[in-house]
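Below is one structure, written out as structure tokens; comments come after it.
The values are calculated or read from the model by the stated rules, or taken from the named source; none is laboratory data. Keep in mind it's a predicted model, so treat the numbers as computed, not measured. Cβ sites come from the backbone with ideal geometry, for glycine too, and all protein chains shown count toward neighbours.
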């Protein structure tokens with residue numbers, strides 16, 4: 001009932017302190033970064049009722065797992081007040 005997308009690498013990975021802050025606004029480890037990329041990704045994914053998780057081991061790599069709900073086959077409209 002969900003799409004699962006995993007993006008992984010075998011790069012440098014992150015220390016636990018860095019991984020714990022990855023979605024914080026303005027947190028960056030780059031000299032010229034804004035610290036907004038992962039924050040915006042998190043917000044967009046959550047707006048679509050999804051989840052995003054980052055698992056990283058320093059010296060081994062990082063995996064980002066995104067989970068999004070499948071589109072519903074039938075429309076479910078909220079009933080509003082009757083027009084008069």
* Output the number of residues of the range 3-39 satisfying the condition of being within 29 Å of residue 72 (Cα to Cα) and in contact with a strand residue (DSSP E or B) (Cβ under 7 Å, 6 or more places away or on another chain). => 6
* Does residue 28 qualify as being surrounded by 11 or more Cβ atoms within 10 Å (Cβ to Cβ), part of a loop (DSSP other than H, G, I, E, B) and free of Cβ contacts under 8 Å to residues at least 24 places away in the same chain? -> yes
* Restrict the check to the range 1-21 and report whether at least one residue is loosely packed, with under 14 Cβ neighbours inside 10 Å and touching a helix residue (DSSP H, G or I) at 6+ places or on another chain (Cβ under 9 Å). => no
* **Which listed residue is at pLDDT below 95 and either in contact with a helix residue (DSSP H, G or I) (Cβ under 7 Å, 6 or more places away or on another chain) or surrounded by 10 or more Cβ atoms within 10 Å (Cβ to Cβ) (or both), from 49, 70, 77** => 49
* Identify all residues within the range 40-62 that are part of a loop (DSSP other than H, G, I, E, B), out of contact with any strand residue (DSSP E or B) (no Cβ under 7 Å at 6 or more places or on another chain) and over 16 Å from residue 21 (Cβ atoms); write none if there are none. => 59, 60
